[in-house]
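Below is one structure, written out as structure tokens; comments come after it.
The values are calculated or read from the model by the stated rules, or taken from the named source; none is laboratory data. No experiment lies behind these values; they were computed from the predicted model shown. All Cβ positions, glycine included, derive from the backbone under ideal geometry; neighbour counts span all protein chains shown.
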Amino acid sequence: MNKMTFEDVKGLIGKEVSVRMDRPMGSKHPKWGFVYPCNYGYVPNTTSGDGEELDVYILGEFRPVEKYTGVVGAVIHRLDDDDDKLVVFAEGKHYSPEQISAITEFQEGFFRSDIYTAENGKIVKNSFHKEKSNDKNSSK
């Protein structure tokens, strides 16, 4: 299967996906040892930029689950890693970009990223990364 581009991944916002969990809520990361405060899994039969299946954070499900079907509410686009993440929750639920950033900070805090959401029918980029001090847009 071909790798999904960022545009492919972004196109999933608002679509229903089925997710299989490999790190249910409360489990530890196999290499780094931190605990997952939310369910974390992947969309089977996809290939993300890193060559693995497309990763997913499940928000609003407050117990460990093995499988989940929900709506893609956002995409976390890492600027310094080729590993975009879907953010999925139940239809009718809504999480703001600020809430998504706070909930995923346990893992996403190690990366610079933007969070893409749908607002009024348009895809909107929300930046939550700190600019490097030598960036021309940073304050002096």
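Looking at this structure, is residue 11 free of Cβ contacts under 8 Å to residues at least 40 places away in the same chain and within 14 Å of the chain's Cα centre (by Cα)? Don't jump to the end; show me each part of the working.
On the way: free of Cβ contacts under 8 Å to residues at least 40 places away in the same chain: yes; within 14 Å of the chain's Cα centre (by Cα): yes.
Criteria met by residue 11.
Here's the yes/no breakdown for (1) within 11 Å of the chain's Cα centre (by Cα); (2) assigned to a strand (DSSP E or B); (3) crowded, with 16+ Cβ neighbours inside 10 Å:
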position	(1), (2), (3)
73	yes, yes, yes
81	no, no, no
87	yes, yes, yes
95	no, no, yes
98	no, no, no
115	yes, yes, yes
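With respect to residue 69, determine if the residue is surrounded by fewer than 13 Cβ atoms within 10 Å (Cβ to Cβ), modelled with pLDDT of 95 or more and among the β-branched types (Val, Ile, Thr). Steps first, answer last, please.
On the way: surrounded by fewer than 13 Cβ atoms within 10 Å (Cβ to Cβ): yes; modelled with pLDDT of 95 or more: yes; among the β-branched types (Val, Ile, Thr): yes.
Answer is yes for this residue.
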With the condition kept exactly as written, say whether any residue in segment 4-21 is in contact with a helix residue (DSSP H, G or I) (Cβ under 8 Å, 6 or more places away or on another chain) and assigned to a strand (DSSP E or B).
-> no
Scan 78, 63 and give me the residue that is in contact with a helix residue (DSSP H, G or I) (Cβ under 9 Å, 6 or more places away or on another chain) and among the basic types (Lys, Arg).
-> 78
Among all residue pairs at least 6 apart or on different chains, which show Cβ distances below 9 Å where the first residue, located in segment 87-106, is basic (Lys, Arg) and the second is buried (at least 21 other Cβ atoms within 10 Å of the Cβ) and in a strand (DSSP E or B)?
-> 93/70; 93/73
Among the residues of segment 19-35, is there at least one that is of a type in the set (Ser, Thr, Tyr) and touching a residue at least 40 places away in the same chain (Cβ under 8 Å)?
-> no
Going through segment 40-62 one residue at a time, which ones are without any contact (Cβ under 8 Å) to a residue 40 or more places away in the chain, of a type outside the set (Phe, Trp, Tyr) and in a loop (DSSP other than H, G, I, E, B)?
-> 44, 50, 52, 53, 60, 61
Hey, among the residues in segment 5-37 that are within 19 Å of residue 117 (Cα to Cα), of a type in the set (A, V, I, L, M, F, W, C) and in contact with an Asp or Glu (Cβ under 8 Å, 6 or more places away or on another chain), which one's surrounded by the fewest Cβ atoms within 10 Å (Cβ to Cβ)?
-> 6
